[in-house]
Ligand SMILES: Cc1cc2nc3c(=O)[nH]c(=O)nc-3n(C[C@H](O)[C@H](O)[C@H](O)COP(=O)(O)OP(=O)(O)OC[C@H]3O[C@@H](n4cnc5c(N)ncnc54)[C@H](O)[C@@H]3O)c2cc1C
């Protein structure tokens, strides 16, 4: 690999990649636009906590930080669905196996563990407050916002959804990309702990208040608070432009939540509104000089809780392809994209459809009957069937395969609900067996390094 080897962005993808490259024996410089999050509070405007699942856990096992991460996560065993006016919300468990849980984790605490681990290799230098502006391949120079430059041989683009490295590939004619805005925005609020410091809601569940076209969700933090996010059409946020309108909206739609929440109007007014979009870039690399990963290549809307998990899975795949073809990096990058692109396109689609599942279907009796049957079939035929959510969250099966299998399973389940004389067990066992270890294995057993 031509040096200097550089990474733009020290988010989850960039900091994880730095560790993998250091393990390959490379010296790496990472340029990050923000201040060091281990020393400054820079949380505002970004999602505060995230759901970590198998595809993210496996690389964390690989690079030896899972024990530290385990100390800062809160397991969520299912969805707690708060239907309108329901005084006794019900837990819909995610799965039937012990490890079929997702983990609430602070974005910045997880990132800090990865930054520390990268630096502790002795091969990684991280330069903060260095915003990359453009990449000059002819002069082999990275140009930063402060007017400074740095030489590079190889640049890895882990610089998020608005990636300047991606812009440089587009300028070279190597990459095409058109933004796909969702038309729905989000706003984060903090639900404080109860007066005794405990969580006001069950911390071991992902809470959802589904309301058809929009929803509120909440994930617990270790300090007793919850990060609560409203997802709704852009026009809804535009209409919530006064204390009265905000109060009336929450009173009408989320009355049980609003009573728990002091300072609701103040938080809603002060906190930024975030935009949501899908990134489906094509052409992730340029020769052996640059390659994209994470949100820069394949950003997804957050409704499957997979953006970061997919980013980390891509980094792991990239590490494998580089090790397989160290002397032909252009080929390694091409193979990496060929493997990942159909799968990241699939999770982009599944993330959008999961929005509808979360905001509407979870209270639909037809959906609930199908999900109950799917879980029952999983119990009866664990080698052949697992619900789509579980294949995405609790396995490393390629996303496109999970999507295709789920479509075939959905046909069988719909047929057996429509006609009870259908031999559903025979149809399920006629499906090809699930790959060995997937999706039933404990993620901590899936790391191979
Ligand atoms: C509301 C919300 C909820 C989410 N929930 C989940 C979830 O539950 N589970 C999940 O897996 N994913 C979730 N995601 C998605 C997840 O946040 C992203 O997919 C993940 O952060 C991608 O990691 P990344 O490293 O590719 O990009 P980023 O996290 O965006 O990191 C990019 C880094 O590059 C830096 N940077 C940007 N521009 C430059 C520049 N010009 N020069 C230098 N540095 C630069 C940034 O400061 C940042 O540190 C959620 C996203 C949102 C918006």
Determine which single condition residue 89 fails, assuming it passes every other condition in (1) at pLDDT 95 or above; (2) touching a strand residue (DSSP E or B) at 6+ places or on another chain (Cβ under 7 Å).
-> (1)
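Taking helices (runs of 4 or more DSSP H) that fall entirely within the stretch 1-74, which contain at least 3 residues that are buried (at least 20 other Cβ atoms within 10 Å of the Cβ) and within 8 Å of the ligand (Cβ to nearest atom)?
Answer list for the stretch 1-74: 12-23.
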May I ask you to verify whether residue 291 is within 25 Å of residue 17 (Cα to Cα) and part of a loop (DSSP other than H, G, I, E, B)?
-> no
Residue selected from the stretch 426-441 under the condition in contact (Cβ under 8 Å) with a residue 24 or more places away in the chain and touching a helix residue (DSSP H, G or I) at 6+ places or on another chain (Cβ under 7 Å), by the criterion surrounded by the most Cβ atoms within 10 Å (Cβ to Cβ) | 439
Counting only residues that are farther than 22 Å from residue 50 by Cα and either away from the ligand (no atom under 16 Å from the Cβ) or assigned to a loop (DSSP other than H, G, I, E, B) (or both), how many does the stretch 91-125 have?
-> 5
Being over 16 Å from residue 433 (Cβ atoms) and under 26 Å from the mean Cα position of the chain (by Cα) is the filter here, so list the residues in the stretch 373-389 that pass it.
-> 374, 375, 387, 388, 389
Could you list, in sequence order, all residues of the stretch 179-191 that are surrounded by fewer than 18 Cβ atoms within 10 Å (Cβ to Cβ) and over 30 Å from residue 163 (Cα atoms)?
-> none
Residues being touching a strand residue (DSSP E or B) at 6+ places or on another chain (Cβ under 7 Å) and modelled with pLDDT of 95 or more: count how many of those fall in the stretch 178-202.
-> 16
Can you tell me which residues in the stretch 78-102 are within 16 Å of residue 392 (Cα to Cα) and surrounded by fewer than 18 Cβ atoms within 10 Å (Cβ to Cβ)?
-> 93, 96, 97, 99
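The values are calculated or read from the model by the stated rules, or taken from the named source; none is laboratory data. Since the structure is predicted, the reported quantities are computational estimates derived from the model, not experimental observations. Please note: Cβ atoms are built from the backbone with ideal geometry, for glycine as well, and neighbour counts cover all protein chains shown.
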